[in-house]
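Have a look at the structure below before the remarks.
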Amino acid sequence: MARHVFLTGPPGVGKTTLIQKASEVLKSSGVPVDGFYTEEVRQGGRRTGFDVVTLSGTRGPLSRVGPDPVPGKRECRVGQYVVDVTSFEQLALPVLRNQNASNEIPSEEPGSEHQINTLN
């Protein structure tokens, strides 16, 4: 039976930390876990984007601050961020495709998304 929990809140309240700790507890209890979360990327104290991080430790760019859109150029944007669709498809989509046979604990906030799948 799938269980769904959504965590929302402003940046800095601990959503990513909770996902990381919950996955550690599940893994140490012998529960197979698969999933991903996002981490902000900062340079010079300023947020420049987000990485998608799988619970197996693989990391890739999810989005970065981009210049103003070029007329006629196709790109996926969320506000000031240009989304790296290829990276998302390679890292996050396999987890999402496995959700039918698993319990999942997702969480999201504007500009980021967290998900853990426990495989039973």
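Here are the numbers for the structure shown:
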read-out	value
Yes/no for Gly57 being over 16 Å from the mean Cα position of the chain (by Cα), of a type outside the set (Asp, Glu) and not in a strand (DSSP E or B)	no
Top-ranked residue in region 20-37 [being touching a Leu at 6+ places or on another chain (Cβ under 9 Å) and not in a strand (DSSP E or B); ranked as farthest from Arg59 (Cα to Cα)]	Val31
Near pairs, Cβ below 8 angstrom, 6+ apart or cross-chain, from region 70-96 (more than 21 Å from Glu40 (Cβ to Cβ) and of a type outside the set (Phe, Trp, Tyr)) to any residue that is part of a helix (DSSP H, G or I) and open to solvent by 60 Å² or more (accessible area, probe 1.4 Å)	none
Verdict on Val65 being among the β-branched types (Val, Ile, Thr) and open to solvent by 80 Å² or more (accessible area, probe 1.4 Å)	no
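The values are calculated or read from the model by the stated rules, or taken from the named source; none is laboratory data. This one's a predicted model, so the numbers in the text were calculated from it and none came from an experiment. For neighbour counting, all protein chains shown are included, and Cβ atoms are generated from backbone atoms with ideal geometry for every residue, glycine included. These accessible areas exclude ligands, DNA and RNA; they are computed on the full protein's heavy atoms, side chains included. Shrake-Rupley method; radii C 1.70, N 1.55, O 1.52, S 1.80 Å.
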